[in-house]
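Structure, as structure tokens:
Throughout, read-outs are computed from the coordinates displayed, never taken from laboratory work. Quick caveat, the model's predicted, so the values are computed rather than measured. Positions of Cβ are backbone-derived with ideal geometry, glycine not excepted, and every protein chain shown enters the neighbour counts.
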């Protein structure tokens, strides 16, 4: 897993193009971008690392092949020790356990950065994502202000 950087190129852009615009609970804002526009998007995402509400985006690789996107979004409104996780694997790589590997790496990265709790959300129909979070030790929780078609999970690190 590698944090976004400006050296990323066409293989990462092709991965973003392979992930549908809307999954069940995930929106890929870079899906229909030209390579040049994606480069601009990449710079904006990198800039969010140092913003008021930091978000770090990672690309997960299998050998040198980019297989998915993972994010840690810090939640300063809740606590400095809480962050939200999000992940998506390109369709051709699904069903192989790579989402679980990606989520475990996110847990380690969050812990290394001093976070004590992770929050994950999944659409109620996204059974695969829900099972992945549960298999990684996340627990289903009730959360206020959550849309009725979303489930919230959390884990204490």
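Does residue 92 fit the bill of being farther than 15 Å from residue 26 by Cβ, touching a helix residue (DSSP H, G or I) at 6+ places or on another chain (Cβ under 8 Å) and either in a helix (DSSP H, G or I) or touching a residue at least 60 places away in the same chain (Cβ under 8 Å) (or both)? Yes; evaluated as a whole, the condition is true for this residue. When the range 44-62 is filtered for residues that are outside any helix (DSSP H, G or I) and either loosely packed, with under 12 Cβ neighbours inside 10 Å or in contact (Cβ under 8 Å) with a residue 60 or more places away in the chain (or both), the ones remaining, listed by number, are 51, 52, 53, 61. Figure legend. Inter-residue proximity from the range 24-43: first residues in contact (Cβ under 8 Å) with a residue 12 or more places away in the chain and at negative phi, second residues surrounded by fewer than 17 Cβ atoms within 10 Å (Cβ to Cβ) and part of a helix (DSSP H, G or I), beta-carbon distance below 6 Å, spacing 6+ or different chains. Indicated pairs: 30/41; 33/41. From the list 134, 109, the lone residue that is surrounded by fewer than 20 Cβ atoms within 10 Å (Cβ to Cβ), touching a residue at least 40 places away in the same chain (Cβ under 8 Å), touching a strand residue (DSSP E or B) at 6+ places or on another chain (Cβ under 8 Å) and not in a strand (DSSP E or B) is 109. Restricted to the range 112-131, and to residues there that are touching a residue at least 60 places away in the same chain (Cβ under 8 Å) and closer than 23 Å to residue 54 by Cα, the residue that is surrounded by the most Cβ atoms within 10 Å (Cβ to Cβ) is 122.
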